[in-house]
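J.: If you scroll down you'll find the structure; I have some questions about it.
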Amino acid sequence: MISELASKSTSPASSAIDPDTSNRTKEHVQMRTACATIRFDKKRILHSCALFMLFVIILIASSAFLLADDETEKSDEERYYELMSLFVDTFEKIEKNYVDEIDRREMVEAAVRGMLRELDPYSNYISRNDIQRFNQTVDQEFGGIGIQVFVDPDTTRLTVMTPIPGTPAYAAGVKAGDTILEIEGKSTDGFQVSDAVELLKGKRGEKVKLKILHNNEADPIDLEIERDVIKLSTVLGMKYNDDATWNFWLNDEEKIAYIRLTHFSRRSSEELQTVLDELVLKGMRGLILDLRSNPGGLLSQATDISDMFIESGRIVSTKGRNTPERVWDARSEGTYKGFPMAVLVNRFSASASEIVAACLQDHDRAVVIGERTWGKGSVQNVFDLEAGNSALKLTTASYHRPSGKNIHRSRNAKTTDDWGVMPNEEYTIDFSNDELRAYLEFRRKLDVIGAVEEEDPFDDTQLNKAMEYVESKLKPEKEKETE
């Protein structure tokens, strides 16, 4: 078939083309021409689309660039007001459209707390309702009668834990174990401690009426006590003496003193200096400084107290984003030296107490005994709001111990990371939760005036280790060699 078609296409007779063949040929040519045109148009279309898409991409990119450039051209003040506008608009929409009526102050305070919650656990807002209590905590003074109270778990009645020496309640004859039946004519039945504190506190010179039942007596008595400014001491001893003063001797024969610092208030360094001067005059040869469960307080007090025990060198430094680096160095004047020291810490020793422990440890002035500390290495400044009627406590810097380490424990810190203050080698003694509760209960009982030591007291292994260390440093060299 192929050879036949070939001969036909080359013979002379092939010049006379059959009409049907001619039509099919024309159609074929037209089809090929059309296909070529379509292929050509398709290329043009694809090319045009590509150009269009490129134009769109360039246009979008240019717009984004212009918008970004416009954004960068905005001043910080303009961006600030845009964000404030977001807050105001949200507040307005909530106030007008929320299903229930809202209190404006509550909404604003909730917003402030929400902002601070995003920062760290130590920055917080102190409201109008809390500002007085906050100032009293820092200053450690308030108007009242001077008693510590608790709700007796057996009787469920409001009970005096102990009167504070030198206060109006102490002078009026209020004793540990007394039951407070009424305050200003109101029965205390069902009272919480906070309820009693609210009624007992007041302005200096004002009087408060109490109905009190002395322990082991049948009939209650009425007392009218005039309030005074109560100044709580932060420097405590092991237990009260018979005359209601603190006993600071742990071993009177060896002249080993014991001082417990509960927190760092405005007068802590002054209180401590007074006690140390008295102990030195009485021949103090060794000191145990108990900072267990001390939550911290004022940085200035931590540096002042650290300076009491080292003659020179760095105490602590602070670094912040908007604050220049600050350093505190020791001065040689007024240093208490020439005796061994042990510092007791536990898992709840934090902030200012860690500054003191770290400083004395880094300078080899004292051995640290107990448990790894909390790990709060940040500094908070208090800013007055509303003319001092509320306040903002804000983290502004972190502090670094003399070795340069930051002892702050971050949110994602592991136990293997370097944070907190670790006890010296071979001086780590951990309390279980049960041991800690037993220690705190034992400590609470000893803090009562006239308390009698229990027949089976709590075995404070941390304190025992501190005592063992100080005693070993006081032994003569010959006695040490024979051991």
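J.: Of the conditions (1) among the small types (Gly, Ala, Ser); (2) surrounded by fewer than 19 Cβ atoms within 10 Å (Cβ to Cβ); (3) assigned to a strand (DSSP E or B), Gly202 satisfies every one except a single condition; which number is it?
T.: (3)
Rundown of residues vs (1) closer than 17 Å to Ala358 by Cβ; (2) not hydroxyl-bearing (Ser, Thr, Tyr), yes/no style:
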| position | (1), (2) |
| --- | --- |
| Gly388 | no, yes |
| Ser398 | yes, no |
| Arg401 | yes, yes |
| Lys405 | yes, yes |
| Asn412 | no, yes |
| Asp417 | yes, yes |
| Asp430 | no, yes |
| Glu454 | no, yes |
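J.: Additional query: Please indicate, with yes or no, whether at least one residue in segment 386-397 is more than 30 Å from Leu236 (Cβ to Cβ), in contact with a helix residue (DSSP H, G or I) (Cβ under 7 Å, 6 or more places away or on another chain) and modelled with pLDDT of 90 or more.
T.: yes
J.: Does any residue of segment 394-411 turn out to be in contact (Cβ under 8 Å) with a residue 12 or more places away in the chain, farther than 23 Å from Asp307 by Cα and open to solvent by less than 30 Å² (accessible area, probe 1.4 Å)?
T.: Within segment 394-411, not a single residue is in contact (Cβ under 8 Å) with a residue 12 or more places away in the chain, farther than 23 Å from Asp307 by Cα and open to solvent by less than 30 Å² (accessible area, probe 1.4 Å).
J.: Could you list, in sequence order, all residues of segment 205-232 that are assigned to a loop (DSSP other than H, G, I, E, B) and either modelled with pLDDT of 95 or more or not small (Gly, Ala, Ser) (or both)?
T.: Glu206, His214, Asn215, Asn216, Glu217, Asp219, Pro220, Arg227, Leu232
J.: Something else: What's the total number of residues in segment 169-178 that are open to solvent by less than 30 Å² (accessible area, probe 1.4 Å) and touching a strand residue (DSSP E or B) at 6+ places or on another chain (Cβ under 6 Å)?
T.: 3
J.: Then there's this: For Thr188, only one of the following conditions fails: (1) over 30 Å from Ser300 (Cα atoms); (2) modelled with pLDDT under 85. What is its number?
T.: Exception for Thr188: condition (2).
J.: Could you list, in sequence order, the residues of segment 425-445 that are open to solvent by less than 30 Å² (accessible area, probe 1.4 Å) and closer than 26 Å to Met284 by Cα?
T.: Result: Arg443, single match.
J.: Something else about it: I'd like to check something: does segment 418-432 contain any residue that is assigned to a helix (DSSP H, G or I) and on the phi < 0 side of the Ramachandran plot?
T.: No, there is no match, as no residue in segment 418-432 is assigned to a helix (DSSP H, G or I) and on the phi < 0 side of the Ramachandran plot.
J.: Out of (1) under 34 Å from the mean Cα position of the chain (by Cα); (2) open to solvent by less than 60 Å² (accessible area, probe 1.4 Å); (3) under 16 Å from Ile449 (Cβ atoms), what's the single condition that is false for Asn241?
T.: Of (1) under 34 Å from the mean Cα position of the chain (by Cα); (2) open to solvent by less than 60 Å² (accessible area, probe 1.4 Å); (3) under 16 Å from Ile449 (Cβ atoms), only one is false for Asn241: (1).
J.: Restricting attention to helices (runs of 4 or more DSSP H) lying wholly within segment 104-199, give those where 3 or more residues are in contact (Cβ under 8 Å) with a residue 60 or more places away in the chain.
T.: Those helices (runs of 4 or more DSSP H) span 131-139.
J.: Follow-up. Which of the residues spanning segment 446-476 are exposed (fewer than 14 other Cβ atoms within 10 Å of the Cβ) and not in a helix (DSSP H, G or I)?
T.: Gly450, Val452, Glu453, Glu454, Glu455, Asp456, Pro457, Asp459, Lys475, Pro476
J.: Go through segment 141-168 and report how many residues are farther than 18 Å from Ile449 by Cα and among the small types (Gly, Ala, Ser).
T.: 2
J.: Sticking with this structure for a sec: Within segment 87-136, restricting attention to residues that are hydroxyl-bearing (Ser, Thr, Tyr) and within 29 Å of Val197 (Cβ to Cβ), which residue is surrounded by the most Cβ atoms within 10 Å (Cβ to Cβ)?
T.: Tyr125
Conditions tested, residue by residue: (1) among the acidic types (Asp, Glu); (2) touching a Lys or Arg at 6+ places or on another chain (Cβ under 8 Å).
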position	(1), (2)
Ile212	no, no
Glu224	yes, yes
Arg227	no, yes
Ile230	no, no
Gln273	no, no
Leu287	no, no
Ser306	no, no
Glu311	yes, yes
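J.: May I ask you to list pairs of residues, at least six apart or on different chains, whose Cβ atoms are under 7 Å apart, with the first in segment 240-266 being part of a strand (DSSP E or B) and the second being charged (D, E, K, R) and at pLDDT below 95?
T.: Matching pairs, first to second residue: Asn247/Lys239.
J.: Does any residue of segment 330-352 turn out to be more than 26 Å from Asp430 (Cβ to Cβ), out of contact with any Lys or Arg (no Cβ under 9 Å at 6 or more places or on another chain) and of a type in the set (Val, Ile, Thr)?
T.: Yes - at least one qualifying residue is present in segment 330-352.
The values are calculated or read from the model by the stated rules, or taken from the named source; none is laboratory data. No experiment lies behind these values; they were computed from the predicted model shown. As a convention, Cβ positions derive from the backbone with ideal geometry for all residues, glycine included, and neighbour counts pool all protein chains shown. Calculation scope for accessible area: heavy atoms of the full protein, side chains included, ligands and nucleic acids excluded. Shrake-Rupley method; radii C 1.70, N 1.55, O 1.52, S 1.80 Å.
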